[in-house]
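Undergrad: One structure follows; several queries about it will come next.
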Amino acid sequence: MRLGRLELPTPIVTASGCFASGREIDRFFDISRLGAVVAKSVTLEPRSGLPTPRMVETERGMLNAIGLQNPGVDAWLADDLPWLVDRGVRPIASIAGSTVREYRQLAEKLRGQPIAAVEANISCPNVEDRGTIFACRPEATAEAIGQVTRLLGVPVFAKLTPDVGDIAEIALAARDAGAAGVSLINTLLGMAIDPETGETVLGGGTGGLSGPAIKPVAVAAIHSVHRADPDLPVIGMGGVRTVEDVVEFVRAGASAVAVGTATFADPAAAFRLVEQLPRWLADRGHARLCDLRGQVSGA
Amino acid sequence: MRLGRLELPTPIVTASGCFASGREIDRFFDISRLGAVVAKSVTLEPRSGLPTPRMVETERGMLNAIGLQNPGVDAWLADDLPWLVDRGVRPIASIAGSTVREYRQLAEKLRGQPIAAVEANISCPNVEDRGTIFACRPEATAEAIGQVTRLLGVPVFAKLTPDVGDIAEIALAARDAGAAGVSLINTLLGMAIDPETGETVLGGGTGGLSGPAIKPVAVAAIHSVHRADPDLPVIGMGGVRTVEDVVEFVRAGASAVAVGTATFADPAAAFRLVEQLPRWLADRGHARLCDLRGQVSGA
Amino acid sequence: MVSDARGQEPLQSTCEVLAHRHVGAYHLLTIVAPEMAARTAPGQMVSLGVGGSGTLLRRPFSVAGVSRHGPWAGTIDIVLEVVGEGTAWLARRSKHDAVDVVGPLGRAFPVPAQPVTCLLVGGGYGAAPLLFLGERLRQENLRVDVLFGAANADRVYNSIEAKRTATAAMFTTEDGSLGHKGRVTDRLDDVLDRSGAGVVYACGPMGMLAAVTQVARARRVPVQVSVEEDMACTTGVCMTCVIPYRTRDEVRNVRACIEGPVLDGKRVMWDRIRDPSMSDGGPGGET
Amino acid sequence: MVSDARGQEPLQSTCEVLAHRHVGAYHLLTIVAPEMAARTAPGQMVSLGVGGSGTLLRRPFSVAGVSRHGPWAGTIDIVLEVVGEGTAWLARRSKHDAVDVVGPLGRAFPVPAQPVTCLLVGGGYGAAPLLFLGERLRQENLRVDVLFGAANADRVYNSIEAKRTATAAMFTTEDGSLGHKGRVTDRLDDVLDRSGAGVVYACGPMGMLAAVTQVARARRVPVQVSVEEDMACTTGVCMTCVIPYRTRDEVRNVRACIEGPVLDGKRVMWDRIRDPSMSDGGPGGET
Ligand SMILES: Cc1cc2nc3c(=O)[nH]c(=O)nc-3n(C[C@H](O)[C@H](O)[C@H](O)COP(=O)(O)OP(=O)(O)OC[C@H]3O[C@@H](n4cnc5c(N)ncnc54)[C@H](O)[C@@H]3O)c2cc1C
Ligand SMILES: Cc1cc2nc3c(=O)[nH]c(=O)nc-3n(C[C@H](O)[C@H](O)[C@H](O)COP(=O)(O)OP(=O)(O)OC[C@H]3O[C@@H](n4cnc5c(N)ncnc54)[C@H](O)[C@@H]3O)c2cc1C
Ligand SMILES: Cc1cc2nc3c(=O)[nH]c(=O)nc-3n(C[C@H](O)[C@H](O)[C@H](O)COP(=O)(O)O)c2cc1C
Ligand SMILES: Cc1cc2nc3c(=O)[nH]c(=O)nc-3n(C[C@H](O)[C@H](O)[C@H](O)COP(=O)(O)O)c2cc1C
Ligand code: FES
Ligand code: FES
């Protein structure tokens, strides 16, 4: 399967923040079997994140409020990246900033590193614009992505939030700023309150909704972007659990499919998809998954 | 419970489009026991809606694509409204337009009618703005709502979509255009594709996601709007099923709580909440539900 | 020609399963529901809550029979085929289990006012409510003929009971394991010739209903069909189950759950069902 | 003072329930998992998949014992209290049912290198993994004392086994139904005076662990605690289960599931747990 310039042996990759450094899950299966490993988003400085509780289960989904706990870009480059490379994994870095400048600084750090691509997680609050999420505005999207693509030789994917009126508009803004593709979708803004006590269940107050509950939102987002630009590579994610989900995402327009929350319930979730996908296709006489990309009727 | 100028005997109301004319469910319980009945959205002309299949179950939710099938505002005023009034129900009209002008025309029709309030469903595509949803832009929101509030003596609630970056911004735009309050949330844009055939499962292609799956998104939206203006009345909805859900929504900032999809699984869902709520409160020593409105800590 | 029959108001109640039997490929659930049993007419349906699984919405089933007396007060019978999660859950219910039942729902089969011969055309589990109707028609001293079909003998619902009910009974199976090899519609003209039926009642897959209607129309025989469309609420409030239908001068999307499921076959706009070009709904996502 | 003990790599497998017994207020599940049993050290946990219900994520449990030989190959024991949907589902498992097990996970209790007396302080089901540890310590010829507490006698896990394992065993219950009326922390000083323990191992509610640590700190006795924090993945990838912890010179949020659950009590920053002012995360919603 082709993901823009990248040729992946399987379209199954990991969703940022749901696979830590890679080492943890490598204890359960050979993670070099994956199409790529998208690392947890790193920031310029280390972050210890939000107070616990950091998660709550919801109906067929979960809310999380981690607050981007991460060791910082330098530590990731020093400790985790070499391990991934050594392990024979195609590593995709993920970066998160609070200002346009931080995205540029992060890109500078990544320049020349042995990474296959960069995912710019721009579903982050822009502190210079009253905390508005970058990916909620085409201009802010273009600015942040422009800084990153300008500096890097590897493909850059813009990771977008579904909490917008028209996600295709944002995707095209990212593309026009040089993004090689987009990653759809990040979590939805959500919240849970204990009815008895009135306390927010998450230490951080609000959180991000992920898991099977959001799958229809992801499919709609991917489809909308693919229709706006069928040539734009898309990494699809949001509630993927089964081979059928993978195919549904590809038909909607995904070029690769990332497994997030499903790994929490089953550490081998992504691996099972890698194994099952070829058989599913063969059983139905499909030579290649990529032939199904965007193959949807009735919409 | 007070919903702006309206004093409701119970905060439990119905969600538009999930209670038809009222007659259907009156066969199961006395619907005058509800705080109010929000009618299915009506348009200027009758509409026959989208082709079937119009629904698909998703994980703890459902997608629907009805396409606003309704008999038109005139038929509603002639047939359904008098019945509701006769039945002793507090009726809230719901209107949907494709242009600002249609909202004005609909408001003209409703002027002087025996309705307790109007819900302006502005989660509709604006045909004069490339099909952008009115409630995705503060300006379009203000324009549509302004037309309606100018003409009507009864409170107007703006029904908003959660598919925006900052729902509080839209709510404040509605308020500033004269809305007495807001209704949160309409369905999320979603889609399902049959992996085997590639057909969209819904006849309309995409659809609206409702039910328990979206509850955390509703709570976050209500909380965000309530924090932006604690005095703005909010009708909360989105996956409500249990008394605990009702209290959670009120703590987030809802002044009334609407039951939608839950009625499909249990025609008496709303009635059960009307019955159970006082006991839940009494068991915990809460004199009045309204004392809990906005009572949330940790956010 | 046929008198219009509407059922009475529906009820909701938590009911006990009295018995669970296998009939060919189907499950027959007998549910204790005296008040519902007393007011249910053939053609009406009930909807059952399915719990325990990840599903959310009720599941509609035609009533396959009622018993109004007897030691167990009244009961209703449901014949179900397992096709997905909800029906699988129901098929796991056994004696004493509780199910949430809403019914009777929708329009019943109208009973002829004249003494005509009635032909029941059933496909798969669609035969079940027709046998319930047949019983009722026989009480009215009407002649009942039967033409039931399915993929194979196991899926022809209760052919023994069908033979007992009918003056003439004919079966078709696609594999030839019972009766004629083929489909009911292959035999319909033939059967109509022989029975001289004055009304046709049909229940089964939508494609079969359309074909049956076509034959009946050509022969100017009234035809009442029990339609199926995906249902979210089963009680008339959600507008998901609509069928394009000619009423007086207008074509309207009627709700299969409460304006149907039994409809006048000739008024159903078969070629407009699920036809995208017939839509005047807003762009996708509109509820 | 105490040697560091890390468990071996975890496995995932579908395992059969060999037995389900009730022990006081708790359920004891014995699960056939030979490879896991062979590599699990006391203090480590396993996480179980809970299916059938609406839940999504795994549930973590301390291992309460292993049997490495015998006719059933190796088994692991889990002691569980029903608190919600997931534990209720697990409590309905019986002999021959299958469960998805991942383990062993996390850091085990380190075993003293010196011959000191070990005091096990357990609250509720927290006593179960401590009895497993006690067995192990006895194998090392160490003296083991026990101080277990709970709300009532029924919730003091297996006091008979505790008396068998320990040289001195003391119990506390909040209602006085077994041992002293009160909490373990009311008695801790007293027990430490008498046993002269050189190390304390504690497992139970977080409040209890903090209090035990405080007493141990004041008396300069090493203390190893098994902590609990809400876990989404149990395998170290999600960062939901973190505990603020002092390592060398920095304070870091360590993952209870793989860097714990056993931690050095004195390094845990008890007053920073769940403290909003300690956050440097982005505004709400950030993942
Ligand atoms: C008027 C009417 C009468 C029916 N009578 C019978 C009967 O007597 N015996 C019988 O076995 N079946 C009958 N059905 C079909 C039965 O309702 C479906 O097989 C059942 O809903 C499938 O549920 P599931 O969860 O097993 O399948 P799934 O395919 O998992 O269901 C997924 C969703 O699709 C909906 N759905 C799927 N198929 C249908 C369908 N054919 N009609 C309506 N909704 C559907 C379900 O309600 C559910 O929301 C009838 C349907 C209708 C509309
Ligand atoms: C290291 C560790 C060891 C444990 N050992 C045991 C044991 O030996 N015996 C035992 O009975 N229980 C033990 N627990 C607690 C047990 O994991 C919870 O009681 C269980 O997860 C609750 O699941 P539920 O679905 O029944 O409850 P619910 O309250 O419905 O669970 C809702 C959610 O909260 C999470 N959750 C709730 N309580 C806890 C908790 N205390 N820890 C982690 N997540 C929680 C669940 O995982 C789930 O995601 C342990 C927990 C941890 C962290
Ligand atoms: C616990 C958790 C942490 C996450 N951390 C990140 C992150 O650091 N960067 C990012 O871009 N997305 C992050 N995400 C979002 C996921 O990458 C993914 O977009 C989202 O969860 C939807 O996919 P899923 O439903 O398969 O989990 C996180 C999600 C979860 C559940
Ligand atoms: C079948 C269906 C039809 C709906 N029709 C309308 C409508 O006409 N107007 C409207 O404002 N909202 C409509 N809605 C949205 C609901 O009023 C409600 O906002 C949404 O479903 C979330 O609540 P719930 O999860 O409780 O259903 C509809 C929802 C459903 C499921
Ligand atoms: S199924 Fe809801 S209206 Fe018919
Ligand atoms: S539970 Fe996920 S990192 Fe510990």
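The values are calculated or read from the model by the stated rules, or taken from the named source; none is laboratory data. As the structure is a computational prediction, the values presented were derived from the model and not from experiment. Glycine gets a Cβ as well: all are built from the backbone with ideal geometry, and neighbour counts include every protein chain shown. The accessibility values were calculated without ligands, DNA or RNA, using every heavy atom of the protein model including side chains. Shrake-Rupley method; radii C 1.70, N 1.55, O 1.52, S 1.80 Å.
Undergrad: For chain D, what ratio Rg/Rh do Cα atoms give with a Kirkwood hydrodynamic radius?
TA: Using Cα coordinates only, the ratio equals 0.95.
Undergrad: Find every distance from the label point of B:Arg111 to the corresponding label point in the other copies (7 Å from Cα along Cα→Cβ) and write them in nm, one decimal, shortest first.
TA: Label-point separations across copies, in nm and ascending: 6.6.
Undergrad: I've got another one for you. In whole Hz and in residue order, list the ³J(HN,Hα) couplings for the range B:10-27 that follow from phi through the Karplus curve 6.51 cos²θ - 1.76 cosθ + 1.60, θ = phi - 60°; x for Gly and Pro.
TA: Along the range B:10-27, the couplings run 9, x, 7, 10, 9, 8, 4, x, 10, 8, 6, 8, x, 5, 4, 8, 4, 6 Hz.
Undergrad: Continuing with the same structure: How large is ³J(HN,Hα) for each residue in the range A:217-222, as worked out from phi by the Karplus curve 6.51 cos²θ - 1.76 cosθ + 1.60 (θ = phi - 60°), to whole Hz, x for Gly and Pro?
TA: 5, 5, 4, 5, 5, 5
Undergrad: For the range C:63-111, just say rounded, prolate or oblate: build the C-alpha gyration tensor, square-root its eigenvalues into a ≥ b ≥ c, call rounded for a/c under 1.5, and beyond that prolate if a/b exceeds b/c, oblate if not.
TA: oblate
Undergrad: In addition: How much of the accessible area of the range D:11-105, in percent, comes from carbon and sulfur atoms when a 1.4 Å probe is used?
TA: Result for the range D:11-105: 54 percent of the exposed heavy-atom area is carbon or sulfur.
Undergrad: More than 18 angstrom separation, counting every C-alpha pair in the range A:161-210; what % is that?
TA: Beyond 18 Å sits 48 percent of the P(r) for the range A:161-210.
Undergrad: Follow-up. Hey, what does the equivalent ellipsoid look like for the range C:144-228, semi-axes from the Cα gyration tensor as sqrt of 5 times each eigenvalue, largest first, whole Å?
TA: Semi-axis lengths for the range C:144-228 are 19, 15, 12 Å.
Undergrad: OK, next. Rounding to the nearest 20 debye, state how big the charge dipole of the range B:237-293 is about its Cα centre with +1 on each Lys and Arg Cβ and -1 on each Asp and Glu Cβ.
TA: About 120 debye.
Undergrad: Give me the distance in nm between label points sitting 7 Å out from Cα along the Cα-to-Cβ direction at B:Asp283 and C:His180, one decimal.
TA: So the two model labels end up 6.3 nm from each other.
Undergrad: For q = 0.12 Å⁻¹, what log10 I(q)/I(0) does chain B give under the Debye formula with an equal point scatterer on each alpha carbon and no solvent?
TA: The calculated log intensity ratios at q = 0.12 Å⁻¹ are -0.72.
Undergrad: Between A:Ile92, A:Ile115, A:Ile145, find the one with the highest GNM mean-square fluctuation for chain A; connect C-alpha pairs within less than 10 Å.
TA: For chain A, modelled as a Gaussian network with Cα springs under 10 Å, the answer is A:Ile115.
Undergrad: Could you give, in nm with one decimal, how far B:Ala78 is from each other copy of that position, shortest first, with labels 7 Å out from Cα toward Cβ?
TA: Ordered by increasing distance: 7.9 nm.
Undergrad: Taking every Cα atom in the range C:109-172, find the radius of gyration and the maximum pairwise distance Dmax, and write them in Å.
TA: 11.1, 35
Undergrad: Over the range D:11-105, one equal point on each Cα, no solvent: what is log10 I(q)/I(0) by the Debye formula at q = 0.15, 0.17, 0.18, 0.25 Å⁻¹?
TA: -0.50, -0.65, -0.73, -1.46
Undergrad: Pick out, from D:Leu192, D:Pro34, D:Ser47, the residue whose Cα sits farthest towards the positive end of the charge dipole of the protein assembly as shown, with +1 on the Cβ of Lys and Arg and -1 on the Cβ of Asp and Glu.
TA: Checking the options against the dipole of the protein assembly as shown, the answer is D:Pro34.
Undergrad: Ignore the peptide's own chain and count Cβ atoms of other chains within 10 Å of each Cβ in B:253-261; give me the average, rounded.
TA: 1
Undergrad: Other chains' Cβ within 10 Å of D:237-250 residues: what's the mean?
TA: Per residue, the average neighbour count from other chains is 5.
Undergrad: Let me ask something additional. Counting only Cα, what are the radius of gyration and maximum Cα-Cα distance Dmax of the range B:1-141, in Å?
TA: Reported Rg and Dmax, both Å: 15.6, 43.
Undergrad: Quick check: from the Cα gyration tensor, does the range B:1-52 come out rounded (a/c under 1.5), prolate or oblate?
TA: Oblate, since a/c reaches 1.5 and b/c is not below a/b.
Undergrad: Treating the point 7 Å from Cα along Cα-beta-carbon as the label, what are the nm separations from B:Arg227 to the other copies, to one decimal?
TA: 3.3
Undergrad: Still on this structure, I have one more. Using a 1.4 angstrom probe and counting only protein chains, how large is the accessible area of B:Asp79 in Å², to 10?
TA: Its heavy atoms expose roughly 90 Å² to the probe.
Undergrad: Once the convex hull of the alpha carbons of the range B:204-299 is built, what does its volume come to per residue, in cubic angstrom?
TA: 112 Å³
Undergrad: About the Cα centre of chain C, what is the dipole size in debye to 20, counting +1 per Lys and Arg Cβ and -1 per Asp and Glu Cβ, all else neutral?
TA: For chain C, the charge dipole is close to 580 debye.
Undergrad: Another question, then. Averaging over every viewing direction, what projected area does the convex hull of the Cα atoms of the range A:62-152 cover, in nm²?
TA: Value for the range A:62-152: 6.6 nm².
Undergrad: Using a 1.4 angstrom probe with every protein chain in place, what is the largest-first accessible-area order of B:Lys159, C:Lys266, B:Lys109, D:Lys95?
TA: Output order, biggest surface exposure first: D:Lys95, B:Lys109, C:Lys266, B:Lys159.
Undergrad: Need one number: nm distance between label points at B:Gln276 and D:Ala19, each 7 Å from Cα along Cα→Cβ, rounded to one decimal.
TA: In this crude spin-label approximation the distance works out to 4.0 nm.
Undergrad: Using a 1.4 Å probe and counting only protein heavy atoms, how much accessible surface gets buried when A and D come together, both sides summed, in Å² to the nearest 100?
TA: Buried surface at the A/D interface: approximately 3600 Å².
Undergrad: Would you calculate, for the protein assembly as shown, the mean residue ellipticity at 222 nm contributed by helices, counting each DSSP H stretch of 4 or more residues as -39,500 (n - 2.57) and dividing by all residues, to the nearest 500?
TA: Computed mean residue ellipticity for the protein assembly as shown: -7000 deg cm²/dmol.
Undergrad: Whole number please: convex hull volume per residue, Cα atoms of the range A:140-299, in Å³.
TA: Measuring per residue, one finds 156 Å³ for the Cα hull of the range A:140-299.
Undergrad: Restricting things to alpha carbons, tell me how big the range C:53-188 is in terms of Rg and Dmax, in Å.
TA: When restricted to Cα atoms, the range C:53-188 yields Rg and Dmax of 16.4, 49 Å.
Undergrad: Just counting partner chain Cβ atoms within 10 Å, what average do the residues of peptide B:290-297 show around their Cβ?
TA: 3
Undergrad: Dividing the convex hull volume of the Cα atoms of the protein assembly as shown by its residue count, what figure in Å³ per residue is obtained?
TA: Once divided by residue count, the hull of the protein assembly as shown is 181 Å³.
Undergrad: Rank D:Ser67, D:Ser47, D:Ser159 by mean-square fluctuation in a GNM of chain D with C-alpha springs under 10 angstrom and give only the top-ranked residue.
TA: Taking springs between Cα atoms under 10 Å, the residue moving most is D:Ser67.
Undergrad: May I ask you to give the percent of accessible area on chain B that is carbon plus sulfur, with a probe radius of 1.4 Å?
TA: Using a 1.4 Å probe with all protein chains present, chain B comes out at 46 percent carbon and sulfur.
Undergrad: What accessible area per residue comes out for chain A, rounded to a whole number of Å², with a 1.4 Å probe?
TA: 31 Å²
Undergrad: For the range D:118-274, would you read off the P(r) tail past 29 Å as a percentage of all alpha carbon pairs?
TA: The answer is 17 percent, as a whole percent.
Undergrad: Name the residue, out of B:Arg288, B:Arg54, B:Arg272, whose mean-square fluctuation peaks in a Gaussian network model built on chain B with Cα pairs under 10 Å.
TA: B:Arg288
Undergrad: Right, another one. So what are the range B:256-299's ellipsoid semi-axes, whole angstrom, largest first, if each one is the square root of 5 times an eigenvalue of the alpha-carbon gyration tensor?
TA: 23, 15, 8
Undergrad: Give me, ordered by chain and number, the residues 5 or more places off A:Val42 or on other chains with an amide H under 5 Å from its own placed amide H.
TA: The answer is A:Ser94, A:Ile95, A:Ala96.
Undergrad: Mind pulling up the Rg/Rh value for the range B:96-193? Radius of gyration and Kirkwood radius, both on Cα.
TA: 0.97
Undergrad: Note down the nm distance, to one decimal, between modelled labels 7 Å out along Cα→Cβ at C:Ala168 and at D:Ala38.
TA: My value for the distance between the label points is 7.6 nm.
Undergrad: Can you work out the Karplus-derived ³J(HN,Hα) for every residue in the range D:98-103? Use 6.51 cos²θ - 1.76 cosθ + 1.60 with θ = phi - 60°, whole Hz, and x for glycine or proline.
TA: 9, 10, 8, 10, 10, x
Undergrad: Along the Cα-to-Cβ line of B:Ala75, 7 Å from the Cα, sits a label point; which residues in the range B:32-66 have backbone N less than 14 Å from it?
TA: B:40-50, by backbone N distance to the label point.
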